[in-house]
Amino acid sequence: MNPLTIVLLVVAVCAIVAAIITTVAWRKARERANRAESLRAELSNQLTQAYELPQVASSLGVPKRVAMVYNPSKAATDQAMPLVMQACGLFGLSEPKLYETDPDDSGFAAVQRAKDDGAQLVVVTGGDGTVRAAAKALMSSDVQMGIIPTGTGNLLARNLHLPINDVQACISIAFNGVVRPIDVISLDMLYADGTRENMVSVVIAGAGYDAEIMHSTSDRLKAAAGWLAYTEAGVRNLRGKRHAVTISTDDGESKRYRLRSAMIANCGYLTGGINMVPEAAIDDGLLDVALLDPRHLVDWIQVATAALKPKTKSPRVTTFQARSCKMVFEEPLVAQIDGDPIPKTKEIVAKNIPDSLQVRVPLPKTPNERE
């Protein structure tokens, strides 16, 4: 092979190598450019979504200023708090302001502070006492309430068909659900010691047998068995004396009864699938009075059967509706409000406050679904 041929081969090889290197470099440069363009597009999309999040939240009706009021003694609080913060982030909202309840007032002061600080949605994490305190603070205002039920009974949550044992689902409803105005019952209580107090009820208040159950249920048993603990107390208090009560309503009618239990209901579902007052609707502008007068075991069985079966009525239960009523007890009776025991009571004056509480609830299954 002559020198010229060798030189030409070397030049050809170098040209091929250079072409390969150039092609590889061009491809890598193109890949980098495409990747950079893809990253720019992705970043732009993310920024666009971030800017749109508040608009999405607004279109869904999610309030911009969120507060979380929580009972620190409830185990589910540790699970709920980061999820509420995450939900605010997903909607492009500021972090929620946090307010811890005080054992002395069950959360009224905490919710009042949240409202005074400008909260538009208060997510309440706690049991029936915390929910009732929140209702008292928020009623007759535009501030909405979301509920994360973490108590034993969770009565309002049950009546609103919230997923009792699913914290994440309840948080989703608090942000994604619909706003439902519900009634609140105002209660002016006269206690046995002569003191007076204004309370509210969102489920059922009563005096007599129902309150005896709440007063005598062991806290230790409630912690171990949940709502089943009330069953033990219920059986233990089945035998007891009847009580005299005079009841007057807004139509002026006054009547005296002898009974085991007198209840004022805003809605009727209790724990264990019991619907104590089937006629009660949480948004009808009326309170429902239920008077229980079972005399013996057979009567109690009838009462229990009626409470568990829809459209079944016990002859030992008298019910009627009114916008307001007054109960005067011949002797002071132990009483309860939404499952929480209160002091012995001589007199209860109850009044329905229609559509006074704005609560976040699940989307209805059908357009015309209504409790």
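The values are calculated or read from the model by the stated rules, or taken from the named source; none is laboratory data. Since we're looking at a predicted model, the values are computed, not measured. Because the Cβ atoms are built from the backbone with ideal geometry, glycine has one as well, and the counts that use them run over all protein chains shown. When the accessible area is computed, the model is the full protein with side chains, heavy atoms only, and any ligands, DNA or RNA have been set aside. Shrake-Rupley method; radii C 1.70, N 1.55, O 1.52, S 1.80 Å.
Observations
- Screening A233, A244, A224, A211 for residues that are at pLDDT below 95 and in contact with an Asp or Glu (Cβ under 7 Å, 6 or more places away or on another chain) leaves exactly one candidate, A244.
To keep it simple, each residue is scored yes or no on (1) in a loop (DSSP other than H, G, I, E, B); (2) among the aromatic types (F, W, Y); (3) closer than 11 Å to I264 by Cβ.
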residue	(1), (2), (3)
S314	yes, no, no
C325	no, no, yes
E331	no, no, no
A335	no, no, yes
I342	no, no, no
T345	no, no, no
I348	no, no, yes
N352	no, no, yes
D355	no, no, no
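- Scanning the stretch 86-129 for residues that are more than 17 Å from the chain's Cα centre (by Cα) and among the polar types (S, T, N, Q), we see that the one that is most open to solvent (accessible area, probe 1.4 Å) is Q86.
- Residue ID - most open to solvent (accessible area, probe 1.4 Å), chosen from residues in the stretch 67-85 that are within 13 Å of T150 (Cβ to Cβ) and assigned to a strand (DSSP E or B): Y70
- Check on S261, surrounded by fewer than 17 Cβ atoms within 10 Å (Cβ to Cβ), under 24 Å from E347 (Cβ atoms) and at pLDDT 85 or above: no
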